[in-house]
Amino acid sequence: MLALVWSVAGAQLNIRFGERGDDAAPKPQSDAQEVTLPAYPKEEDLVGFFVSSANDFDFFVDGKSLKIEGGIIRYTLVARSPAGVGNVSYEAIRCESSEYRIYAIGHADQTWAQRTTPWRVITPTGVQRWRHALLRDYFCPGGAPILTVGEGIEALEQGRNTLLDQRRF
């Protein structure tokens, strides 16, 4: 069900972004290199993070999949329903333009289906609030990408990026 929500919300964002017709919109760039999919996530590597009290799903990032390259943060996301059904995807966030893309969707047999989407704008409202939470509270404090994988994992564990207060921009 969450995969359907992702598809519908992503299509809505794409339509809205495409209809803007304004030249000031960020111009997505393609990744400089081919993306290698990570190992399928293991339960012991999942780090939970808070999205919203209005959401009854639990969200996790596979700490072993977290990578930072050229201002792009890649990670495996696990979204688990109250019934325990999990949706898995390998995604990226680009802090400077507040965009995301999906590289692959996980299957129940713990394999990946590669599916690279175009870069899409992350919005603070709507059904995909987890990406906005990752952008704002964990991976892009003050609009700048985290500096290390350790910083990202610590932010997830602490419930926000506490290093924001220590950084000088």
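The values are calculated or read from the model by the stated rules, or taken from the named source; none is laboratory data. Here the structure is a predicted model, which means the values were calculated and not measured. Every residue, glycine as well, gets a Cβ built from its backbone with ideal geometry; the counts of neighbours run over all protein chains shown.
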Checklist entry - Looking at region 134-169, which of the residues that are among the polar types (S, T, N, Q) and modelled with pLDDT under 85 is farthest from Phe60 (Cα to Cα)? => result Gln166
Item to check | Top-ranked residue of region 100-130 - restricted to ones that are buried (at least 16 other Cβ atoms within 10 Å of the Cβ) and out of contact with any helix residue (DSSP H, G or I) (no Cβ under 9 Å at 6 or more places or on another chain), ranked as nearest to Val35 (Cα to Cα) | outcome: Tyr103
Checklist entry - Gly84 versus (1) in contact with a Phe, Trp or Tyr (Cβ under 9 Å, 6 or more places away or on another chain); (2) free of Cβ contacts under 8 Å to residues at least 60 places away in the same chain; (3) in a loop (DSSP other than H, G, I, E, B); (4) not acidic (Asp, Glu): which is the lone unmet condition? => result (1)
Checklist entry - Could you list, in sequence order, the residues of region 23-80 that are at pLDDT 95 or above, within 12 Å of Ala92 (Cβ to Cβ) and charged (D, E, K, R)? => result Lys67, Arg74
Next on the checklist: Please verify whether Ala83 is over 17 Å from Gln128 (Cα atoms) and hydrophobic (A, V, I, L, M, F, W, C), treating the condition exactly as stated.
Outcome noted: yes
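Every residue, every condition in (1) polar (S, T, N, Q); (2) closer than 15 Å to Leu77 by Cβ; (3) touching a Gly at 6+ places or on another chain (Cβ under 6 Å), yes or no:
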position	(1), (2), (3)
Tyr103	no, yes, no
Gln114	yes, no, no
Thr117	yes, yes, no
Gln128	yes, yes, no
Arg131	no, yes, no
Leu135	no, yes, no
Gly142	no, no, no
Arg160	no, no, no
